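The values are calculated or read from the model by the stated rules, or taken from the named source; none is laboratory data. If you're wondering where the values come from, they're calculated on a predicted model, not measured in any experiment. Glycine gets a Cβ as well: all are built from the backbone with ideal geometry, and neighbour counts include every protein chain shown. Heavy atoms of the whole protein, side chains included, go into the accessibility calculation; ligands, DNA and RNA do not. Shrake-Rupley method; radii C 1.70, N 1.55, O 1.52, S 1.80 Å.
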Amino acid sequence: MIRAFNRALDHVEEWLIAGFMAAATLVIFAAVLHRQSAAVPWLWQYAAAFNFSWAQELCIYLFIWMAKFGAAYGVRTGIHLGVDVLVNAVRPNIRRSLIVAALSFGAFFTGAIAVMGVRWVWFIHGTGQTSPDLEMPMWVVYLCIPLGSSLMCYRFLQVLTRFLRCGELPVHTLGAGAEETA
Amino acid sequence: MNAALILVILLALLLTGTPISIALGMTVLTFLALFSSFSLDTVDIVSQRLFTGLESFAIMAVPFFVLSGTFLTDGGIARRIIRFALALVGWMHGGLAIAAILACTFFATISGSSPATVVAIGSIMLPAMIKQGYPKRFSVGVITTSGSLGILIPPSIVMIIYAVSTSESAGKLFVAGIVPGILLAALLMLITYLTARTRNFPTLPRASGREIWVSFKDAFWGLMLVVIVMGGIYGGIFTPTEAAAVSAVYAFIAAVFIYRGLKLRQVPRVLLSAANTSAMLLYIITNAILFSFLLTSEQIPQALSQWVVDQQLSPWMFLVALNVALLAAGQFMEPSSIILILAPLLVPIARNLGIDPIHLGVVMTVNMEIGMIHPPVGLNLFVASHIAKMGLTEVSIACLPWVFVLLAYLVLITYVPAISLWLPNLLY
C-alpha cells in the first residue's frame, strides 16, 4: 500500500517538474516568436489577435513551482551538495551520527517552512490578492511553498529511514546528469 | 557580534554535511528564533521571501541555460564541433590536445556550464587522445582545465548568478567574459603546443580544405547557437532570459531533428535531468537570498565595508585578500553558493575602492574556474574522473600543473582590468 503510494508519488513528482520545465520554455519561446512576428507585415494582423503580456509572469510561476517540487526530487537523487570534508575525515560511527544530524536538519527545516507556508497561504487567502497579469488568486500561486516543502520533508525522512535501515545514501553523479538520459 | 554568531551557526551546520542550501536557511531560522526579538511578522517575511526572492525574470535564465546545455551535451552536437576543431588545428604539434581545447572553447560559447563542457567534449576526446598515444595524465589535465572555460566564455550560468545577486547587467558581464575567455583558451593552447613539441606528442595529417569545409557545414547548426544567443542579446532582439529560452528550444530541435542524437522519447528524461539540476540551483538561490536578507537586516555588509575602509586597504591589497578568501571558499563550496553568499558582501566594498563590479565579476568567475579543477569539491574533477575511469586523486594530480597556470592567469585578470573592461566599455 505504502509502496504503491510512493511509486505513484514519484511518478507525479517527475511528470510535474518535467512538465513545468517544458511549459515554461514553450511559453517564453512563443512570446518571443509572437513579438518578432508583429514586425512582419503579413503576420502582424494575426499576431495582434493574441496577447502574450502574461508570459513572463506565467514563466516565473512555472519555474518557482518547478523549483519547489524539483528540490524535493533532488533529495531523492542526492543532488543537494554539502561540505563533506569533516564527514569523510571522521570515524565511521561519528560519520553516521553526522549524516543522521544533517538529514534531520533537512527534514526539520523543510517541515518548518511547510508550516510557515501554510500560515502565509492562509493569510494571503484572507487578503484576496490576485496576480497582476494572470489575475490568478495569489494564495493558489503561493501553495507551492507548503506543498513543495512538505514533499521535501517527506523525502528527507525517506532518505533518513533508508540510511538508518541499510546505510545507503542517494549519490548523484555530479554534472554527469546528462548520462542519465543516454 | 551578531556577525560572528551567524558565522558560527552557519559553519557548524555546514560541517555536519548538511546541504548548503538547507544550512543557509537553517541559519536564518535559528538566528531569528534564538537571538533576535522574535515575532510572527519576521516569520511572515521569511515565508514571503521564499517566493518573492525568486520572482525575477532575470533568474529564470538559469533553468533555461541548464536545459539547453543538457540538450547540447547529448544531442550529437559535441561530436560535430570536435570534428571541425580537429580539421582546423589537428595537424599542429599536440594537435589532438589543441583541438580538444578549441572544441571546449566552441562548446563554451553555446553552453553555460563547465562540468557540461567536460562531459560533452571529454567523453569523446579523452579516449581518442589516449588511443593516439597521449599520456593519460596530460590528456585528463587538458580536458578538465579547458572545460572550465564553460563558465568564463558567455553564456555562463555562474555569471547570471553573479549578475542576479549584485543587480548588475548579465549582458554586460557576458561581454566582459569574451576577451578573457579567448585569452585563456589561447594561453592553454600555447602551453599545450610547447609541451607537445618538447615531449614529442603525435600529430595528425593536415586536413584538406574540403574536410574543413564539410566539417564546418556539419557543425554549422550547432555553432549557429552562438549567433542566436549573443547576436540576439546585443542586437536588442531579446533579453538574456529570452535568449536562454530560445537557445533551449533551438538545442532541442538541433538535437532531435537535425543531428538526431536524441530520440523524441528520450526528451522527458532530458527535461527531468535539467529540472533536477536547475531546481537545485534555484533552491540554493532562494536560501541564499534569505541569508543575505538576514545579513542586510543585521547591517553586516555595511559594517564589513566600513571595516575595510577603516583598515585603509588599497585596492590591490583588497584584491589579494579577496582572491585568497575566494580560493579558500572554493575548497569547500561550489561556485553558485560562493557567489551567492559572497558577491553581495564584496561588491559594496569594491565599489567604495573604485573597483568596477563587472571586473570583479570576471575575477570571481576565473577564481571559480580554479575551484572547479581543484580538490576537494572541484565539479570538473568529479566529472573527469567519471569519464576517464580514474581515481579522484589521480585526476587532481593531473590537473595540478594547470592549477598553477590558472593562478598566474588570475593574477593577470585581477591586475589588468582592461582585459575584462575594454570590450564592455566599447559596447555599452
Checklist line | Estimated FRET transfer efficiency (B:LEU427, A:LEU43; beta-carbon r; R0 41 Å; 0.05) | finding: 0.85
Note to self: Can you tell me the mean projection area, over all orientations, of the convex hull of the protein assembly as shown's alpha carbons? Units nm², please.
What the structure shows: 29.6
Next item on the list: Using a cut-off of 12 Å between beta-carbons, work out the net charge of the residues near B:LEU126 (Lys and Arg +1, Asp and Glu -1, B:LEU126 not included).
Entry: +4
Note to self: Need the full-extension length gain, B:SER208 to B:GLN312, defined as separation in residues times 0.36 nm minus the C-alpha distance. One decimal, nm.
What the structure shows: 31.4 nm
Check: Tell me, what is the percent relative contact order of chain A, built from C-alpha pairs under 8 Å that lie six or more residues apart?
Finding: 25
Next item on the list: Working from Cα positions, state the angle (0 to 90°, nearest 10) between the long axis of helix B:209-226 and the longest principal axis of chain B.
Entry: 20
Check: Once you list every other residue whose beta carbon is under 11 Å from the beta carbon of B:PHE57, what net charge do they have if Lys and Arg are +1 and Asp and Glu are -1?
Finding: -3
Notebook entry, point to check: Residues of the stretch A:103-148 losing 50 Å² or more of accessible area relative to the isolated chain, 1.4 Å probe, heavy atoms only?
Noted result: A:PHE105, A:PHE109, A:MET116, A:ARG119, A:TRP120, A:TYR142
Check: What are the residues whose amide H is under 5 Å from the amide H of B:PHE201, where those residues sit 5 or more places off or on another chain and H is modelled from the backbone?
Finding: B:GLY94
Next item on the list: Treat each spin label as a single point 7 Å out from the Cα along the C-beta direction, and report the B:ALA128 to B:LYS389 distance in nm.
Entry: 2.0
Next item on the list: Could you check the simple spin-label distance between B:LEU190 and A:PHE108, using points 7 Å along Cα→Cβ, in nm with one decimal?
Entry: 5.4
Note to self: Suppose all protein chains stay in the model; what accessible area per residue would a 1.4 Å probe give for chain A, in Å²?
What the structure shows: 52
Notebook entry, point to check: Amide H neighbours of A:GLY82 under 5 Å, counting only residues 5+ apart in sequence or on other chains, H built in-plane at 1.01 Å?
Noted result: B:ILE20
Checklist line | Distant-in-sequence amide H partners of A:THR130 (H built 1.01 Å from N, under 5 Å) | finding: A:MET138
Checklist line | Principal-axis tilt of helix B:379-388 within chain B, Cα atoms, nearest 10 degrees | finding: 30
Checklist line | Cβ-derived FRET efficiency at R0 45 Å, A:ASN93 paired with B:THR52, nearest 0.05 | finding: 0.55
Notebook entry, point to check: Over chain A, what percent of the accessible surface lies on carbon and sulfur atoms, probe 1.4 Å?
Noted result: 68
Checklist line | Choice from B:PRO401, B:PRO205, B:PRO344 showing the highest fluctuation, given a GNM over chain B with Cα pairs closer than 10 Å | finding: B:PRO205
Check: So between A:ALA30 and A:VAL115, what do we pick up on full extension, going 0.36 nm a residue minus the alpha carbon distance?
Finding: 26.9 nm
Check: Calculated FRET efficiency, A:LEU86 and B:GLN302, Cβ-Cβ r, R0 30 Å, to nearest 0.05?
Finding: 0.40
